[in-house]
Amino acid sequence: MIDKKSYVGQLISLKIPTIEFSEAFAPSNIALCKYWGKRNLDLNIPSTPSLSISLGNRGTKVQLSIAPQNSLSINGKCIAQESPVFKRTFDFIELLVPKNIKLSVQSENNIPTAAGLASSASFFAALTISLDKLCSWKVSLQTLSCLARLGSGSACRSLHHGFVKWLSCDDPFQSYGIPMDVQWEELRIGLLIFDDKEKLMPSRQAMLHTQNTSSLYQSWCENSNSDFEIFHNAIEKKNFQALGETAEYNALSLHAVMLSARPAIIYSQPETLKAIIKIHVLRQNGIQVYFTQDAGPNLKLIFLENDLECILEDFPRMEVINPFSRVDNLST
Ligand code: DP6
């Protein structure tokens, strides 16, 4: 299998930046069909196909400037050189720019970082687009998506708005986010934040641990493959019930496979389960609301605009996002 450096070498040629400053935005994305496991750890090639919805104008803006030394700030806070985030950011940058170039990286999120949303995906996507502007690679979004994937797998889906799929295949040059040509104006995502502390285990580590230790991992992969097909049809036909039911089923299967890891990974908290029960009661009362949950205790609700008022009665603190609100093009 090709190594990271040669892979990058086949996608772009390293260039000295042509300008002093660049900036770019990329949306956060929520996976409806989750990516959880890799067939290639080095190149972040997923074991299963995944499908996400980008969050419109909610995500991360990254500004880059040529500087005497490397530095990183996130939401105005300077990140120490020794921190894993700093190392991961500059390991990625060093793959893409000549070694003697030093950069100041400033990242701003307009979504609660605590929700576990504005983390690696939108950051690495915005960073990749910004590097493309700085170095004038002038490559396609497909190539940028392959590059962003090296920073964080889910980042390859944040190169696009709307619904985005990411197929699972052996060829690393075919592993990128593909936008679906579907606008679903009435669709809403609600953020329910119960805990704003840092995760007990980062998703990268938890994913690997699950893959290596859970005896249910193989069935997770089989289920994901069939969920992906159901999602695809549900989105094309705008079948909201099929979309919602499969999102919930896929998220609960994800947490089930994590519970079956050794030792188990438990992200849910009592508030998570209380909210899940409330959602089920709402549904019994005819309100079409579903949830998904990632590697943390917080929930993302999925519903249609006309049910918003009713849902807010039960979840008054929920933050509502319209993924198809007017958004600018992400192309370079
Ligand atoms: C639960 O993309 O953060 O959000 O590729 O190791 O950086 P790495 O993992 P990452 O994992 C995201 C996991 C998830 C599901 C998803 O976004 O599909």
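Just so you know, all these numbers are worked out from the coordinates, no wet-lab data involved. Only a predicted model underlies this, so the values are computations on that prediction, with no experimental measurement involved. We place every Cβ from the backbone using ideal geometry, glycine too, and count neighbours over all the protein chains shown.
See the values below:
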{"read-out": "13 Å beta-carbon shell around C310, net charge (K/R +1, D/E -1)", "value": "-2"}
{"read-out": "Total formal charge among the other residues, if their Cβ is under 10 angstrom from that of I321, Lys/Arg +1 and Asp/Glu -1", "value": "+2"}
{"read-out": "Net charge over other residues, Cβ less than 14 angstrom from the Cβ of P179 (K, R count +1; D, E count -1)", "value": "0"}
{"read-out": "Of T48, T292, T18, the one that fluctuates the most in a GNM where the chain has Cα springs shorter than 10 Å", "value": "T18"}
{"read-out": "Percentage relative contact order, region 187-321, counting C-alpha pairs under 8 Å, at least six apart", "value": "41"}
{"read-out": "Candidate lysines - alpha carbon under 29 Å from K133, same-chain residues fewer than 8 apart omitted", "value": "K4, K5, K15, K61, K77, K87, K99, K102, K165"}
{"read-out": "Förster radius 45 Å - calculated FRET efficiency between S215 and I16, Cβ distance, rounded to 0.05", "value": "0.30"}
{"read-out": "Segments 22-33, 267-278, 183-194 sorted - mean Cβ within 10 Å per residue, highest first", "value": "22-33, 183-194, 267-278"}
{"read-out": "At least 27 Å along the helix axis (C-alpha) and Kyte average at least 0.5, DSSP helices within the chain", "value": "240-259"}
{"read-out": "Student exercise, region 91-203 dipole from Lys, Arg, Asp, Glu Cβ charges, in Debye to nearest 20", "value": "280"}
